Amino acid sequence: MALQRTLGQLFRFGADFGVRGSSKSFTTAAVLCRRAAPLGPMPNEDINCQDLESVEKYRSYTRYLTAAEKASNKDVWWKTYRKYAQKPFDTDFEPVNIGLPHCRASRTKEAKERNSVTKQNRKNPELERATRLRTFRIPLDKVKAEWEKTNGPYHIQRLADHYGIFRDLFPMAYFVPRVMLRVAYGDDGSATVHYGNHLSPTQASVAPKISFEAEEDSLWTLLLTSPDEHLQDGEQEYVHWLVGNISGNAVNSGKEVCHYIPPFPAKGTGFQRYIFVLFKQEAVVDYSSDAISSPCYCLKQRSFKTVEFYRKYEDQITPAGLAFFQSQWDESVTNTFHTLLNMREPVFEYDRPPVYHPPQRKYPHGQPLRYMDRYRGEKEHTYGIY
């Protein structure tokens, strides 16, 4: 009996000091030790955190960006979050540049011009005084002209890619708009088309004024299309304006293949894109097979596909300029449907389901004041005002 009491006290003593819990911890540690080893070195494993002075330092921000880009392109055995989130890209079908080639001047010539301008500015006392007194002003026209010659085409390309222009008009292709296309609606040019700005259908009711820099003996084609406007087929477009064989930058000299029709975004469809594309021609193009009799307000005849149009004449035309805006329904669209298109106006509405209310209780304890207002006018009974 004494031996049994002694053993019982020993077991209770071990339980009080957590012997069983420690055994579980030993088991967990053993399981962790049986985990597979990493497939390679861990990131930043070669950096000694105790001696940060020995780490290589970057003398410039450009050198840091170069090293960071080189490290990000390096193949590693683990997957980053970007690799998990992004879909695998098929390298066999990379986007193709179908635009005009870029003929950049030699860097030596650019450096000489920059140095000459710098010397002239240093010799100008008025410029030095205005800079010192902080009264120097740079004309925005010069800034815009410089932007159009340098980074402007690439910025427009990024904007067009952001708005899905290339994805919907030229699948698996893109182009850098080397020619700056300027589009302005109205007699005074107050409604200017930029790159995704909002214009109402009333502002775009009449054909705009087009201007761009071109040589006198050059030929161009201008297209205005909408990839979001088709009422029956989401893959089709409606051509709003098509002018071919434009001599120089005089749009009036070209042959109007399809006359202008104002935007008509249906009510309830939100903002829709309207895209101007300027093509450069190698020679005179015969558009007689695509010509539409004027006036033409039949939407079936205006069904269009930009990629098919380009594939048909790809040996003769090259996309060079781009401008686009967004528009949504206003009262002029109703007049366009009834007067020009001679059809009933389609209206897209969303039928909202009725608001859900839980079953009413006779004694709603803990409910907010005026609990009965939630069920007023319903078939369910209301039990007084709370």
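The values are calculated or read from the model by the stated rules, or taken from the named source; none is laboratory data. Predicted model only: the values in this text are computed from it and were never measured. Heads up, the Cβs are rebuilt from the backbone with ideal geometry, glycines too, and the neighbour counts pull from every protein chain shown. What goes into the accessible areas is simple: the full protein's heavy atoms, side chains included, and nothing from ligands, DNA or RNA. Shrake-Rupley method; radii C 1.70, N 1.55, O 1.52, S 1.80 Å.
A count restricted to the stretch 249-290 and to residues that are of a type in the set (Val, Ile, Thr), in contact with a strand residue (DSSP E or B) (Cβ under 6 Å, 6 or more places away or on another chain), part of a loop (DSSP other than H, G, I, E, B) and open to solvent by 10 Å² or more (accessible area, probe 1.4 Å) stands at 1.
What single numbered condition from (1) open to solvent by less than 80 Å² (accessible area, probe 1.4 Å); (2) more than 24 Å from residue 322 (Cα to Cα); (3) within 30 Å of the chain's Cα centre (by Cα) fails to hold for residue 64? Single failed check for residue 64: (1). Restricting attention to the stretch 332-351, the residues that are over 29 Å from the mean Cα position of the chain (by Cα), open to solvent by 90 Å² or more (accessible area, probe 1.4 Å) and in contact (Cβ under 8 Å) with a residue 60 or more places away in the chain total 0. Taking the criterion of being in contact (Cβ under 8 Å) with a residue 12 or more places away in the chain and surrounded by fewer than 16 Cβ atoms within 10 Å (Cβ to Cβ), the residues of the stretch 224-234 that qualify are 231, 233. Quick check on my filter: what residues within the stretch 211-237 are among the aliphatic types (A, V, I, L, M) and under 25 Å from the mean Cα position of the chain (by Cα)? Within the stretch 211-237, 222, 223, 224, 231 meet the criteria. Condition first: touching an Asp or Glu at 6+ places or on another chain (Cβ under 9 Å) and in a strand (DSSP E or B). Can you find one or more residues in the stretch 226-235 that meet it? Yes, the conditions are met somewhere in the stretch 226-235.
Return the residues of the stretch 292-301 that are open to solvent by less than 60 Å² (accessible area, probe 1.4 Å) and within 25 Å of residue 211 (Cα to Cα); say none if nothing qualifies. The answer is 292, and nothing else. If the condition is being closer than 23 Å to residue 342 by Cα and open to solvent by less than 30 Å² (accessible area, probe 1.4 Å), then the stretch 305-328 contributes only 327. For the stretch 63-106, the set of residues classified as modelled with pLDDT of 85 or more and among the basic types (Lys, Arg) consists of 63, 70, listed by residue number. Residue-level check: of (1) within 28 Å of residue 180 (Cα to Cα); (2) among the polar types (S, T, N, Q); (3) in a loop (DSSP other than H, G, I, E, B), residue 342 misses just (1).
Residue by residue, here is whether (1) part of a loop (DSSP other than H, G, I, E, B); (2) within 30 Å of residue 173 (Cα to Cα); (3) touching a His at 6+ places or on another chain (Cβ under 9 Å) holds:
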| position | (1), (2), (3) |
| --- | --- |
| 64 | no, no, no |
| 71 | no, yes, no |
| 77 | yes, no, no |
| 128 | no, no, no |
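Entry remark, the stretch 284-324: residues being within 25 Å of the chain's Cα centre (by Cα) and of a type in the set (Val, Ile, Thr) number 3 in total.
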